[in-house]
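The values are calculated or read from the model by the stated rules, or taken from the named source; none is laboratory data. Please read all numbers here as calculations on a predicted model, not as lab measurements. Cβ atoms come from the backbone with ideal geometry, glycine included; neighbour counts cover every protein chain shown. SASA here: full protein model, heavy atoms, side chains in, ligands and nucleic acids out. Shrake-Rupley method; radii C 1.70, N 1.55, O 1.52, S 1.80 Å.
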Amino acid sequence: MTHINQAEILNHPLRVTRTRNISWAWLGVLPFFVFAIAFLILPASYLVVGSLQDTKENFTLANFADMFQPEILGAYWLSIQVSVVTAVGGGLLGFMLAYATILGGLPRWVRNALMTFSGVASNFSGVPLAFAFIATLGRTGFITALLKTAFGLNIYEYGFNLYSFLGLSLAYMYFQFPLMVLIIAPALDGIKREWREASENLGATSWQYWRYVALPILLPSLLGTMILLFGNALGAYATAFALTGGTFGLATILIGRQIRGEVLQNPGLGYAVAVGMVIIMALSVSIYSWLQRRSERWLR
Amino acid sequence: MAFLELDNVSKSFGQVEAVQNFNLQAERGEFVSFLGPSGCGKTTTLRMIAGFELPTAGTILISGNDVTFKPPQKRNTGMVFQAYALFPNMTVADNIGFGLKVAKKPSAEIKKRVAEMLALIKMEKFGDRYPYQLSGGQQQRVALARAIAIQPQVLLLDEPLSALDAKIRVALRQEIRAIQRELGITTVYVTHDQEEALSLSDRVVVMNNGCIEQVGTPFEIYNFPQTEFTAQFVGTLNRIGATVRDVANGELLIDSQRIVTAQKLEGVSNGTAVTLSIRPERISFAADGRKPNGLNVRVENITFLGSIVRVQVRAGDNVFLMDTFNNPFLKLPDIGDVVEITFSKEAVLVLKHA
């Protein structure tokens, strides 16, 4: 048996010296890291630090203890209600629209038109969206007036109020369902025609195909996207503020009030409520990612 | 009476006639292949048997029952798809038992049948796996088991091996044939691979442009092609230009050299230009033993293909190929040599539409 010592290996002429060259590709992603640090990591850290300080910058857990006040718990509850309603409503509406255009056999241009609209509408939020809704469904809005003059129907007399839970949910739906369309479209594209044919060939009815094949395959994407919509609505601030003038007690509006100093300024409490929101968002995104991975495994 | 019968079946998509006047009678337990190039209508015909497409004209009978307009669920056919089409959210066992589950069979019966099917495809230990955890060949075996678990009257296979690599393809096609023989299911197999069709089938239906070119056993299709398309599509074929010398005696001229065919010359007269077909493996060197026909040719190229050696030769304007079995003692001419080749009278076929 031949023994080769370490020195021989190191001095061997064929030994390749590997130098670690840093790829220039890192330069391409550098702006991302700078952006993420500047506008995500640092602000989040600032929030966490702020939530653990009192007004004199001393360490305290009082801000988190104060979160259990009825007003704050109520704000969370309202935010969760609006988010759930608009996530489920927007999710179902978006799914039905996407299904009709992608798997429903409609002409290709309908899909293109819906996708273009969804791309625009999913980003149309904040003050412009609130203004658009006030201009159409406000007390003197265009649609309100049209319904009143053309059909004698005053929607406000029937209990509709744009500046209420229903009105706010309606405004949120405007950007929620297009987001659903955009995210669920690839999952629907992944549904193969052969699955339906195979199930029919094996004797399954359309209901059985949906019950046992299509729905279970789509469910992770469907739920995952709804969770994303939930997070999307939970973090929304400008639309609600502009529409209701800050009178609607959502968690985001409460945070704004605490930090800006209206009525009673307590930035530390505002930061703590914001940290709570960040945790809910992080949980939502984690569940979404897990469900997406599960779905992708099936659809690849 | 035939078990599966297609009577004058046609299918049009708008102005395109995908299948025209398709007639087939398959006996119970027979293995029939539809062979043809892409777009020839073979898959459309299969999908009409399955019920995924409705014929524009004609009738389809299974075991004497008219199923032409019945939905796929009511036909009791089992189909295996090119891309497997396994349900990704179900385990192998659930996939195989799906047809029985939707038929509301008792769970004990489903379990027993699934176990039988897993044993049949030799995948007893894979019941709990998901499709994404299987190789392509394994997925296709599961798809086959799923299709036959419902005990279909007719098994339909749509290019089931085309997505697999060569070795697995050969192994799996033997497995499919063995299972089909064991169960005695009437089977229709769609393929564009002539080797697959010839090695598997009791009968082959050669299709082109939506029409049947020829129906016959693999032996008939290969050795006695009735149309130029069949002759060209199935196997390697030499197409040789010739002139009729003597109709009565079957004499022809290739590059002024006289040869004879055993085929009766019809619809031609002396001096008519015709196209002949001769399979490469039916030609040999005269030095190895002379047959009735001989031609002097120049060797242009020699290619080793493993078990055979392919020699390209020229006689006037005609270039053709001859195959000879490889062996370590084989003596081959050099490129540029003039040699005499020989073939039987029966090897020379005069093609229709020449």
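Observations on the model:
- Given charges at Cβ of Lys, Arg, Asp, Glu: the protein assembly as shown dipole, positive-most of B:Leu46, B:Pro280, B:Gly58: B:Leu46
- Rounded to the nearest 10 Å², the accessible area of A:Leu42 at probe 1.4 Å: 100 Å²
- Shielding by partners - mean other protein chain Cβ count within 10 Å, residues of B:94-106: 3
- FRET efficiency, A:Leu42 to A:Ala113 (Cβ-Cβ, R0 41 Å, nearest 0.05): 0.50
- Partner lysines whose Cα lies under 29 Å from the Cα of B:Lys122, excluding those fewer than 8 positions away in the same chain, are identified as A:Lys192, B:Lys101, B:Lys104, B:Lys105, B:Lys111, B:Lys112, B:Lys167.
- For B:Leu332 and B:Glu17, the FRET efficiency from 1/(1 + (r/R0)^6), where r spans their Cβ atoms and R0 equals 51 Å, is about 0.55.
- Most to least accessible of B:Phe343, A:Phe248 (protein chains only, probe 1.4 Å): A:Phe248, B:Phe343
- The figure for A:Met96 is an accessible area of roughly 120 square angstrom, using a 1.4 Å probe on the protein chains alone.
- Where B:Val142, A:Val29 fall by accessible area, highest first, once all protein chains stay in place (1.4 Å): A:Val29, B:Val142
- About its Cα centre, the stretch A:69-299 has a charge dipole of approximately 260 debye under the convention of +1 per Lys or Arg Cβ and -1 per Asp or Glu Cβ, with nothing else charged.
- Heavy atoms of A:Leu137 accessible to a 1.4 Å probe, total area in Å² rounded to 10: 30 Å²
- Here the simple spin-label model places points 7 Å from the Cα toward Cβ, and for B:Ala178 and B:Thr217 these points are separated by 2.4 nm.
- Placing +1 on the Cβ of every Lys and Arg and -1 on the Cβ of every Asp and Glu, with no other charges, gives chain B a dipole of roughly 1080 debye about its Cα centre.
- Within the protein assembly as shown: Cβ-based charge dipole about Cα centre, in debye rounded to nearest 20 (Lys, Arg +1; Asp, Glu -1): 900 debye
- For B:Glu300, the residues whose modelled amide H falls within less than 5 Å of its own, excluding neighbours fewer than 5 places apart on the same chain, are B:Gln312, B:Val313, B:Arg314, B:Gly336.
- DSSP-assigned coil residues among trypsin sites (Lys or Arg not before Pro) in the stretch B:254-294, each with at most 15 further Cβ atoms within 10 Å: B:Lys264, B:Arg290
- The stretch A:40-50 - phi-based ³J(HN,Hα) in whole Hz, Karplus 6.51/-1.76/1.60, Gly and Pro as x: 10, 5, 5, x, 5, 5, 4, 4, 4, 4, x
- Farthest toward positive dipole pole in chain A [+1 Lys/Arg, -1 Asp/Glu at C-beta], among A:Val84, A:Ile255, A:Phe175: A:Phe175
- Long-range HN-HN contacts of B:Met90 with modeled amide H, under 5 Å: none
- Dipole of the stretch A:69-299 computed with +1 at Lys/Arg Cβ and -1 at Asp/Glu Cβ about the Cα centre; of A:Leu93, A:Gly126, A:Val110, farthest Cα towards the positive end is A:Val110.
- The stretch B:84-132, accessible surface, carbon-and-sulfur percent (1.4 angstrom probe): 55 percent
- For peptide B:77-90, the mean count of partner chain Cβ atoms within 10 Å of a residue's Cβ comes to 6.
- Taking amide H as placed 1.01 Å from N in the peptide plane, the amide H of A:Asn266 sits under 5 Å from that of A:Gly261, each at least 5 places away or on another chain.
- Shown is the FRET efficiency for B:Gln25 and A:Ala25, computed with R0 = 60 Å from the Cβ-Cβ distance and rounded to the nearest 0.05: 0.40.
- The stretch between B:Asn209 and B:Thr59 holds 52.0 nm of extra length on full extension. This uses 0.36 nm per residue minus the Cα-Cα distance.
- Listed residues A:Trp195, A:Trp207 arranged by accessible area, highest first, probe 1.4 Å: A:Trp207, A:Trp195
- Under 20 Å of direct C-alpha separation, and excluding same-chain neighbours fewer than eight residues apart, B:Lys264 reaches these aspartates and glutamates: B:Glu220, B:Glu228, B:Asp246, B:Glu251, B:Glu346.
- The residues neighbouring B:Ser256, those whose beta-carbon lies less than 13 Å from its own, together hold a net charge of -1 under the Lys/Arg +1, Asp/Glu -1 convention.
- Helix-only [θ]222 nm of the protein assembly as shown, DSSP H runs n ≥ 4, -39500 (n - 2.57) each, per residue, nearest 500: -14000 deg cm²/dmol
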